[in-house]
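A.B. asks: Please find one structure pasted underneath; my questions will follow.
Read the figures in this text as sums done on the coordinates, not as results from a lab. If you're wondering where the values come from, they're calculated on a predicted model, not measured in any experiment. Here the Cβ is made from the backbone with ideal geometry for all residues, glycine too, and neighbour counts use every protein chain on show.
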Amino acid sequence: VGGVVLLGLGLWLIPTFQLSLLAALLTIGFTFVFVVVSARMVGLVGSTSQPVSGMTIAALLSISLLLAAAGYTGPAGMGAAITCGAVICIAIALSGDMSQDLKTGALLGATPRYLQLGEMLGVCVAALRAGWVLFLLHQAYTLGSEALPAPQAKLMATLVDGVMRGELPWALMLLG
């Protein structure tokens, strides 16, 4: 509970995230729901059943609608929705990975304390490495360019932009 409160305060108060209190609370709420669903699915079926993209898109769509209804539109609202979606997406992916790791560790007789320490170390090292690689790729080729396309990011940006501008083709969305 303390970690959740700390995360919520960090999302709200750290200027880099540029999230309002409402956006931070929405992020925490959606993260809680989707992390539980993801960990349960992976724990029962396996990591191949983890629908990270589907849950992220559902969260992005819902958060964009709620932020737009609350008056958070324009570039600030779009940035907040994308930031919320990114946090939720990372949490979904990590929950599936951790549920597999903890299950494997339990079967092998590992202690929960060392499993958790290993998970935290692995997440921090991987985040630093991935961030650095993305920084270098962006400097060399520019993310989203023809040389380095980012189709998933483009999809998410198009979805958020459509909701915030009120130009999303709802008939097609409901059909999908």
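A.B. asks: Could you give me the ³J(HN,Hα) list for the stretch 7-21, computed from phi with Karplus coefficients 6.51, -1.76, 1.60 and θ = phi - 60°, whole Hz, x at Gly and Pro?
C.D. replies: 4, x, 5, x, 4, 7, 9, 6, x, 4, 6, 6, 10, 6, 4
A.B. asks: Mind ordering 51-60, 9-18 by average Cβ neighbours within 10 Å, highest first?
C.D. replies: Final packing ranking: 51-60, 9-18.
A.B. asks: Hey, what angle do you get for helix 52-69 against the long axis of the chain, alpha-carbon based, 0 to 90 degrees rounded to 10?
C.D. replies: Value to nearest ten degrees: 40.
A.B. asks: Still on this structure, please answer the following. Explain nothing, just compute: Karplus ³J(HN,Hα) = 6.51 cos²θ - 1.76 cosθ + 1.60, θ = phi - 60°, for every residue of the stretch 151-161 in order, whole Hz, x for Gly and Pro.
C.D. replies: Per residue, the Karplus-derived 3J(HN,Hα) values read x, 5, 5, 5, 4, 5, 5, 5, 4, 5, 4 Hz.
A.B. asks: Let me ask something else. Once Rh for the stretch 25-108 is found with the Kirkwood sum over Cα pairs, what is the Stokes-Einstein diffusion coefficient at 10 °C and 1.306 mPa s, in µm²/s?
C.D. replies: Reported coefficient: 119 µm²/s.
A.B. asks: Take the chain, connect every pair of alpha-carbon atoms lying under 10 Å apart with a spring to form a Gaussian network, then pick out the residue of 37, 45, 160 with the largest mean-square fluctuation.
C.D. replies: The residue with the greatest mean-square fluctuation here is 45.
A.B. asks: Quick check on the stretch 102-145: take the gyration tensor over C-alpha atoms, sort the square-rooted eigenvalues as a ≥ b ≥ c, and tell me if it's rounded (a/c under 1.5), prolate or oblate.
C.D. replies: prolate
A.B. asks: Would you kindly work out the equivalent ellipsoid of the chain from its C-alpha gyration tensor and give its semi-axes, the square roots of five times the eigenvalues, largest first in whole Å?
C.D. replies: Equivalent-ellipsoid dimensions as semi-axes: 29, 19, 18 Å.
A.B. asks: Run the numbers on the chain and let me know its relative contact order in percent, using alpha-carbon pairs under 8 Å that are six or more apart.
C.D. replies: Answer for the chain is 25 percent.
A.B. asks: Also, quick follow-up: What are the ³J(HN,Hα) values, in whole Hz, obtained from phi via the Karplus relation 6.51 cos²θ - 1.76 cosθ + 1.60 with θ = phi - 60°, for each residue of the stretch 126-141 in sequence order, with x given for Gly and Pro?
C.D. replies: 5, 5, 5, 5, 5, x, 5, 4, 4, 4, 5, 4, 5, 5, 7, 10
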